[in-house]
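The values are calculated or read from the model by the stated rules, or taken from the named source; none is laboratory data. Just so it is clear, the structure is predicted and the values come from calculations on it, not from any experiment. Heads up, the Cβs are rebuilt from the backbone with ideal geometry, glycines too, and the neighbour counts pull from every protein chain shown.
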Amino acid sequence: MANTTIATTDALRKEQWEEKLFRDTMVESFFMGRFAGYSVQNLLKGMPFDSTPNDILHVVTKLESKGKTKTREGDKITFGLIPRISPTTHPGVTSGQTLKGKEVALTWYNFSLELERYRQAVSAGTPIDWHRAAFAMAPEGRAALLNWGIEKLDVLSINALDVSTYSKIFYKTSSGVQGTDTWATAKAALTAADGKLTPAMVSFIGAWCKTGGGRARVPIRPIYVDGKPYLVWVVHPDVLYDWKQDSTVFQAWREAQARGNDNPIFRGASYIWDNNVIHEYENITTGTDAGTGAIPYAKCHVLGAQALCWAWGERPSLVEDTEDYEEELYYAWRMTGIAGKPNFNSLDYGSVMVALARTNVSGT
């Protein structure tokens, strides 16, 4: 007599399927697939998924459930930051001076994330529905749910970037690029004539980010690729449309166009300008009531190292369920994780927001 068995190495084993689901989700996600550094590539090679503070997305898996018993490691993780010791504020000593008694005390700040549980389900119909449907209802239902999970990761990331605790928001008026701590101030100042994205604005904000405004704020650490520092912009397609109409961009098309590179931050980039990599993303937050109340706008973001922190508790998985003696079929998607924008000592650490006017091509 032959018995049907599933080995632990079988490609259809449940754990193998969940791992494949996780890998596919990470690769397809806009934020995870591009900005988690080489961690996605490591995952595909069977290496650890954790990224580092030098990546745009700092991904940690310390809270993941482990082993066959799915032991949980807690629901909160804390990231720490020790600020630099400024040689201007603390110059040290020179020849003939005593160092004793002039020691500098370390200071530190922390940023914490608490895990959240996310779930969604879809009804895949009944056997009679499958006969009537002109498509494969169960596989299509499962595929739709998988796509929902991928988009959910990106929505959580953009929502984290959008939080109102920004300590620096840039916008542009007829007087040039301005900065504020208040979103309402930036939004109210936008005009259709002066508030759109331009090359000069990109260069200005890029320079400010790398210096922190002369160290008045925490500098945004760039991502280094082949020894060159880059910042990443995430803008709405309407904003990129306006960018393309700019005469300076048009004249410098060959220089502005994105070059091919194996590093994830260049994947799918629309332009590279003055070491600023510009990506378009349709789920950027938009509105139509800026300025005097009728200006379309977009909340865009400039990202550097550790712009977002992401903690995993349980990787995405898919569950099949039935009701009424297996007559009704359902699929559920689930995960435990959280995305957060680092904020140390009430100051932004890895990103800034840019309020931009836009031509409302998308109609949103």
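Answer yes or no as to whether VAL232 is part of a strand (DSSP E or B), crowded, with 20+ Cβ neighbours inside 10 Å and under 20 Å from the mean Cα position of the chain (by Cα). Yes; evaluated as a whole, the condition is true for this residue. Does the range 130-137 contain any residue that is over 30 Å from the mean Cα position of the chain (by Cα), in a helix (DSSP H, G or I) and not hydrophobic (A, V, I, L, M, F, W, C)? So far as the range 130-137 goes, yes, one or more of its residues are over 30 Å from the mean Cα position of the chain (by Cα), in a helix (DSSP H, G or I) and not hydrophobic (A, V, I, L, M, F, W, C).
With the structure loaded, tell me whether GLU114 is within 30 Å of PRO53 (Cα to Cα) and at pLDDT 90 or above or whether it fails that test.
yes
Do we have THR180 as under 20 Å from PRO342 (Cα atoms), β-branched (Val, Ile, Thr) and without any contact (Cβ under 8 Å) to a residue 24 or more places away in the chain here? Yes: the conditions hold for THR180. For THR211, indicate whether it is surrounded by fewer than 16 Cβ atoms within 10 Å (Cβ to Cβ) and either at pLDDT below 95 or on the phi > 0 side of the Ramachandran plot (or both). So THR211 fits the description; yes. For the range 321-364, how many residues meet the condition of being among the aliphatic types (A, V, I, L, M), over 15 Å from the mean Cα position of the chain (by Cα) and modelled with pLDDT of 90 or more? The qualifying residues number 8.
Identify, please: which residue in the range 201-231 is in contact with a Pro (Cβ under 9 Å, 6 or more places away or on another chain) and aliphatic (A, V, I, L, M) and is, among those, farthest from GLN178 (Cα to Cα)? Only one residue tops the list, namely ILE223.
Within the range 279-298, can one find any residue that is touching a residue at least 12 places away in the same chain (Cβ under 8 Å), surrounded by fewer than 23 Cβ atoms within 10 Å (Cβ to Cβ), in the same structural domain as ARG142 (by TED's automatic domain parsing) and of a type in the set (Phe, Trp, Tyr)? No, there is no match, as no residue in the range 279-298 is touching a residue at least 12 places away in the same chain (Cβ under 8 Å), surrounded by fewer than 23 Cβ atoms within 10 Å (Cβ to Cβ), in the same structural domain as ARG142 (by TED's automatic domain parsing) and of a type in the set (Phe, Trp, Tyr).
Being under 38 Å from the mean Cα position of the chain (by Cα), loosely packed, with under 10 Cβ neighbours inside 10 Å and not small (Gly, Ala, Ser) holds for only one residue in THR107, THR98, THR89, THR94, and it is THR89. Checking every residue in the range 34-54 against the condition of being among the small types (Gly, Ala, Ser), part of a loop (DSSP other than H, G, I, E, B) and at pLDDT 80 or above gives at least one match.
Among the residues of this structure, SER65 counts as one that is surrounded by fewer than 16 Cβ atoms within 10 Å (Cβ to Cβ), modelled with pLDDT under 90 and not basic (Lys, Arg). Taken together, VAL155, VAL177, VAL202 contain a single residue that is of a type in the set (Val, Ile, Thr), in the same structural domain as ASP274 (by TED's automatic domain parsing) and part of a helix (DSSP H, G or I), which is VAL202.
Taking every residue in the range 319-338 that is assigned by TED's automatic domain parsing to the domain that holds GLY74 and pairing it with any residue that is surrounded by fewer than 15 Cβ atoms within 10 Å (Cβ to Cβ) and of a type in the set (Lys, Arg), at least 6 positions away or on another chain, the pairs with Cβ-Cβ distances below 7 Å are ALA332/ARG119; TRP333/ARG119; ARG334/ARG119; THR336/ARG117. Taken together, the residues in the range 187-222 that are within 22 Å of the chain's Cα centre (by Cα) and closer than 22 Å to ASN283 by Cβ amount to 3. Against the numbered list (1) in a loop (DSSP other than H, G, I, E, B); (2) more than 27 Å from LEU113 (Cβ to Cβ); (3) of a type outside the set (Val, Ile, Thr), ARG217 comes up short only at (2).
To keep it simple, each residue is scored yes or no on (1) assigned to a loop (DSSP other than H, G, I, E, B); (2) not acidic (Asp, Glu).
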| position | (1), (2) |
| --- | --- |
| ASP238 | no, no |
| ASP242 | no, no |
| THR248 | no, yes |
| ILE272 | no, yes |
| HIS301 | no, yes |
| ALA305 | yes, yes |
| ASP321 | no, no |
| GLU326 | yes, no |
| THR336 | no, yes |
